[in-house]
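> Got a structure for you, written out below as structure tokens; questions coming shortly.
The values are calculated or read from the model by the stated rules, or taken from the named source; none is laboratory data. A quick note: this is a predicted structure, and the numbers were derived from the prediction, not measured. Here the Cβ is made from the backbone with ideal geometry for all residues, glycine too, and neighbour counts use every protein chain on show. Ligands, DNA and RNA are stripped out before the accessible areas are found, and what is left, the full protein with its side chains, is counted by its heavy atoms. Shrake-Rupley method; radii C 1.70, N 1.55, O 1.52, S 1.80 Å.
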Amino acid sequence: MRLYLLGLLALFSSVTAAYTLEQFQFDDPKQTLQFQKLIEELRCLVCQNESLASSQADLAQDLRAEVYEMMQSGKSREEIVDFLVARYGDFVLYDPPLKPATYPLWFGPLLLGILGLLIWVRVIRSKKRAADRELSEAERQRLQELLQDADGDGKQA
Amino acid sequence: MIPELGHFSLVLALALALIQATVPLIGSFIQRVPWMRQARALAWGQLLFSLIAMGCLLQAFLTDDFSVVYVATNSNSLLPEIYKVSALWGAHEGSLLLWATLLAAWGAAVATFSRNLPLPVVARVLSVMGMVGIGFLLFMLLTSNPFERIFPMPREGRDLNPLLQDPGLALHPPMLYMGYVGFSVAFAFAIAALIGGKLDAAWARWSRPWTTVAWIFLTLGIVLGSWWAYYELGWGGWWFWDPVENASFMPWLAGTALVHSLAVTEKRGAFKSWTVLLALFAFSLSLLGTFLVRSGVLTSVHAFATDPARGTFILVFLCVVIGGSLALYAWRAPAVSGGGRFELLSRESVLLANNLLLSLFTALVLFGTLAPLIYEAMGWGKISVGFPWFNTMFVATMPFLAFLLGVGPLTRWKQDEGERLVKLLWPAFLGASIAAVFGGIFTPLESEHWFLIPLGLGLAVWILIAHMLAIWDRLKHKSGLGALFRDFAGGGRSFYGMVIAHLGVAVFIVGVTLVSHFGIERDVRMSPGDVQEESGYQFHFLGVENHRGPNYMAARGHFQVTRDGELVAELWPEKRSYFTSAKPMTEAAIDWGFLRDLYVSLGEPVGDGDWAVRLYYKPFVRWIWLGGLLMALGGLITLTDRRYRVLAKSAGKRTT
């Protein structure tokens with residue numbers, strides 16, 4: 001019984017400090033969605049890869065409240081993000097902003113994609129010209145031997 | 001005493017691995033049959049001693065031997081037995097032991113099922129696997145010994161991380177590791193072929209079933225992990241592009257490309273050097289994945305080891321394996337290129353595009369995962385690359401793959417006519433358009449990604465109808481359902497396996513599209529007796545009571561969900577406080593359904609007996625995992641294809 005009470009105590013002392021699902025009331029349901037989306041895209045800086053929306057850390061709670069206050073006072077999404085970036089750096093944003101330092105991150109994939117396309121075109125071109133080289137009879141025989149393939153029809157998609 | 005036995009077994013396994021890595025290999029060059037013959041016995045020996053080590057560690061867990069550091073840090077006398085077993089691989093040292101044991105098991109499997117392979121090939125394959133084994137055993141013995149003792153012995157263990165005390169996570173690592181380690185077989189076959197200079201269709205046929213098996217396990221492992229994250233972490237998500245998730249996804253992507261590329265190599269003798277390269281990459285990414293998680297270089301929920309000595313070993317090991325295999329590739333691969341002619345419109349061409357897209361996306365995931373590290377190391381500032389970036393990249397590349405998925409199975413090898421394809425595929429195009437329009441009607445206009453719903457539904461229907469057409473095209477000269485069954489029972493397993501795996505992709509797309517855009521999440525404050533209405537369901541909150549588990553205390557909420565006055569489900573979400581952990585754990589309660597999940601997670605008491613509660617309505621969320629399971633099932637069916645059965649039979653004849 002004592003263990004039971006101790007457990008309860010532990011439970012409540014730890015949870016009263018941690019509010020995960022506070023009530024943030026907005027007049028406009030649209031704002032609620034905006035708020036939800038925004039805190040999902042912000043990183044809890046002291047956690048291991050958790051968003052402000054899902055974290056229970058003290059810092060996350062403070063920041064959630066702060067974002068809420070800012071939204072209530074009519075600040076736009078950009079203003080809030082700028083404020084947080086000024087304070088914590090780009091690390092706070094799960095969606096890396098587009099700026100010279102992140103060009104590789106955003107345009108690198110595009111270059112890679114173009115490279116892939118070029119490879120595809122090149123291979124197709126060379127293969128169109130390539131001699132039609134089926135397995136030679138000797139090779140085919142060797143394959144059969146190696147595989148001990150009794151029926152050897154090899155018919156499948 | 002028993003932990004020491006385990007320790008010695010590891011040393012013995014290492015000794016055997018050293019012999020296995022050298023003697024058969026040398027034997028294959030100087031053509032000494034007895035030397036090559038050693039390989040099989042050595043592989044079995046490695047498995048034996050790895051299993052003994054596993055058994056010793058298990059014994060330490062089951063008897064609460066807290067004089068073993070690993071047990072003391074990952075178990076507790078109150079821990080339920082089942083989790084004492086899974087705690088074996090619950091942290092760094094033990095998971096390495098599991099890795100090494102599974103590697104030995106794959107080696108023994110190769111030794112057993114390779115009766116019809118030429119002896120030099122078997123010898124080389126097992127030698128390469130022995131080399132990988134050396135790496136892991138040395139890593140364990142030098143930096144991460146699971147049998148290390150502590151004195152004085154602590155009276156109680158620190159307990160297994162409560163997040164891991166769950167059946168889903170007990171199974172997840174072995175599945176995932178079976179996949180990771182399984183790619184070592186494809187890797188070993190590739191290296192053996194490079195060494196021998198024989199990259200032929202026979203090589204592709206040998207390594208194909210092994211690759212498929214590994215791919216199946218990896219698929220199941222990822223599905224399990226995602227499902228676990230969904231119900232255990234309590235935020236209703238199933239994928240976060242967390243570095244650790246990416247670490248398992250990259251080998252999967254490369255492995256998927258490999259499975260397709262192997263098909264071309266086996267059928268047409270083309271893409272040989274590319275297939276080899278993919279085999280090298282799939283395993284390299286598996287290693288990278290294992291170590292990214294273990295080295296602690298990444299900040300993520302899963303990383304539980306931070307130690308520079310380990311980091312250095314890992315770096316050197318990765319360099320040797322990846323650098324060494326690529327060097328060998330650069331040296332030998334040009335000698336084995338080749339393959340036949342094919343046209344722009346041909347199955348080869350579509351599969352090439354498939355491979356390039358999968359490789360491109362693998363590269364992007366790798367880049368996005370490592371970018372924060374690169375930026376920090378180069379002093380370019382600290383950045384986060386999170387789900388918005390990955391989602392953008394996913395949406396920019398994968399729809400093309402899904403489109404090709406509909407075209408590929410209907411396209412002929414070597415050369416096809418556009419006209420024929422259009423004639424065949426128009427019903428799929430029509431169906432996809434109708435689905436897209438239908439999706440568009442239900443898309444809320446203010447939705448930011450309005451085009452994704454029509455796109456997703458359209459592509460899913462496209463894949464579905466295209467594969468129905470592929471079956472029809474295949475059987476058009478026969479008639480009736482009987483023909484379908486006869487074909488399935490006969491030589492068509494490989495084809496039908498492919499169809500089922502591809503339909504899994506369609507099912508997955510439907511799940512992802514619908515749950516991402518129509519899923520609802522609400523945070524509410526409820527007092528006992530309150531009712532909340534959500535998507536036609538009424539959530540009645542009856543209250544919270546205390547509940548005692550084996551090693552935790554819980555506040556357990558009670559909800560009744562009704563619809564039109566009828567009881568749909570009773571849900572008991574919990575807030576658990578483990579005796580050994582300060583952080584409370586959320587146990588969500590889920591009423592699962594084929595078309596929707598109702599998900600309740602209990603938040604915090606907010607005063608006056610009220611509780612903060614999170615309610616989710618998740619339409620079609622099960623389809624995400626169902627899709628993954630179908631992919632795995634498809635893989636399994638291809639393994640029963642006649643050509644493998646024929647192989648097995650002829651192998652049986654030989655041994656008797």
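> Quickly run through the stretch B:484-526 and pick out the residues that are within 14 Å of another protein chain (Cβ to nearest Cβ), closer than 30 Å to A:ILE39 by Cα and open to solvent by less than 20 Å² (accessible area, probe 1.4 Å).
Matches in the stretch B:484-526: B:VAL524, B:MET526.
> Modelled with pLDDT of 90 or more and aromatic (Phe, Trp, Tyr) - does that describe any residue in the stretch B:279-286? Before you say what the answer is, go through the steps one by one.
Initially, the stretch B:279-286 is screened for residues modelled with pLDDT of 90 or more, giving B:279-286.
With aromatic (Phe, Trp, Tyr) added as a condition, the list becomes B:281, B:283.
Yes; the residues of the stretch B:279-286 include at least one that is modelled with pLDDT of 90 or more and aromatic (Phe, Trp, Tyr).
> Tally the residues that are touching a Leu at 6+ places or on another chain (Cβ under 8 Å), open to solvent by 50 Å² or more (accessible area, probe 1.4 Å) and either in a loop (DSSP other than H, G, I, E, B) or under 18 Å from B:LEU97 (Cβ atoms) (or both), restricting the search to the stretch B:59-85.
Number of matching residues: 1.
> Another question about this same structure. Can you tell me which residue within the stretch A:108-143, out of those that are more than 17 Å from B:PHE271 (Cα to Cα), modelled with pLDDT of 90 or more and surrounded by 13 or more Cβ atoms within 10 Å (Cβ to Cβ), is farthest from the other protein chains (Cβ to nearest Cβ)?
Once the filter is applied, the top-ranked residue is A:LEU115.
> Can you confirm whether the stretch B:350-363 contains a residue that is part of a helix (DSSP H, G or I), within 18 Å of B:ASP242 (Cβ to Cβ) and either more than 7 Å from chain A (Cβ to nearest Cβ) or over 22 Å from the mean Cα position of the chain (by Cα) (or both)?
So in the stretch B:350-363, the residues part of a helix (DSSP H, G or I) come out as B:350-363.
If we keep only those that are within 18 Å of B:ASP242 (Cβ to Cβ) as well, we get B:361-362.
Next cut, either more than 7 Å from chain A (Cβ to nearest Cβ) or over 22 Å from the mean Cα position of the chain (by Cα) (or both) only: B:361-362.
Looking through the stretch B:350-363, at least one residue is part of a helix (DSSP H, G or I), within 18 Å of B:ASP242 (Cβ to Cβ) and either more than 7 Å from chain A (Cβ to nearest Cβ) or over 22 Å from the mean Cα position of the chain (by Cα) (or both).
> A further question on this structure: Determine, yes or no, whether B:TRP210 is more than 26 Å from B:ALA363 (Cα to Cα) and among the aromatic types (Phe, Trp, Tyr). Spell out the reasoning first.
Numbers: more than 26 Å from B:ALA363 (Cα to Cα): no; among the aromatic types (Phe, Trp, Tyr): yes.
Against the criterion (more than 26 Å from B:ALA363 (Cα to Cα) and among the aromatic types (Phe, Trp, Tyr)), B:TRP210 does not qualify.
> Test B:PHE394 against the criterion of being within 10 Å of chain A (Cβ to nearest Cβ), under 25 Å from B:THR256 (Cα atoms), within 23 Å of the chain's Cα centre (by Cα) and at pLDDT 90 or above, and give yes or no. Reasoning before the result, please.
Numbers: within 10 Å of chain A (Cβ to nearest Cβ): no; under 25 Å from B:THR256 (Cα atoms): yes; within 23 Å of the chain's Cα centre (by Cα): yes; at pLDDT 90 or above: yes.
Taking the combined requirement at face value, the residue does not satisfy it.
> A further question follows. Restricting to the stretch A:58-90, name every residue that is facing another protein chain (nearest Cβ under 10 Å) and assigned to a loop (DSSP other than H, G, I, E, B). Can you show your working first?
From the stretch A:58-90, those facing another protein chain (nearest Cβ under 10 Å) are A:88-90; that's our starting set.
A:GLY89, the sole residue that qualifies.
> May I ask you to list the residues in the stretch B:437-482 that are open to solvent by less than 60 Å² (accessible area, probe 1.4 Å) and outside any helix (DSSP H, G or I)?
Matches in the stretch B:437-482: B:THR443, B:PRO444, B:SER447, B:LEU475.
> Scanning for something of a type in the set (A, V, I, L, M), surrounded by 14 or more Cβ atoms within 10 Å (Cβ to Cβ) and touching a strand residue (DSSP E or B) at 6+ places or on another chain (Cβ under 7 Å), does the stretch A:70-78 turn up at least one residue? Break it down into steps so the answer makes sense when it comes.
Filtering the stretch A:70-78 down to residues of a type in the set (A, V, I, L, M) leaves A:70-71.
Applying the additional criterion that residues be surrounded by 14 or more Cβ atoms within 10 Å (Cβ to Cβ) yields A:70-71.
Checking the rest, the ones that are also touching a strand residue (DSSP E or B) at 6+ places or on another chain (Cβ under 7 Å) come to none.
So far as the stretch A:70-78 goes, no, none of its residues is of a type in the set (A, V, I, L, M), surrounded by 14 or more Cβ atoms within 10 Å (Cβ to Cβ) and touching a strand residue (DSSP E or B) at 6+ places or on another chain (Cβ under 7 Å).
> A further question follows. For the stretch B:379-418, which positions are touching a Ser or Thr at 6+ places or on another chain (Cβ under 7 Å), of a type in the set (S, T, N, Q) and open to solvent by 60 Å² or more (accessible area, probe 1.4 Å)?
B:GLN415, the sole residue that qualifies.
> Does B:MET140 satisfy the condition of being in contact (Cβ under 8 Å) with a residue 60 or more places away in the chain, open to solvent by 10 Å² or more (accessible area, probe 1.4 Å) and part of a helix (DSSP H, G or I)?
On the way: in contact (Cβ under 8 Å) with a residue 60 or more places away in the chain: yes; open to solvent by 10 Å² or more (accessible area, probe 1.4 Å): no; part of a helix (DSSP H, G or I): yes.
No: the conditions fail for B:MET140.
> Moving on to the next point. Do we have any residue at all in the stretch B:322-334 that's modelled with pLDDT under 90 and either in contact with a Gly (Cβ under 9 Å, 6 or more places away or on another chain) or buried (at least 16 other Cβ atoms within 10 Å of the Cβ) (or both)?
Yes, that holds for at least one residue.
> I need a count of the residues in the stretch B:150-209 that are in a helix (DSSP H, G or I), hydrophobic (A, V, I, L, M, F, W, C) and open to solvent by 30 Å² or more (accessible area, probe 1.4 Å).
Residues that pass the stated criteria total 5.
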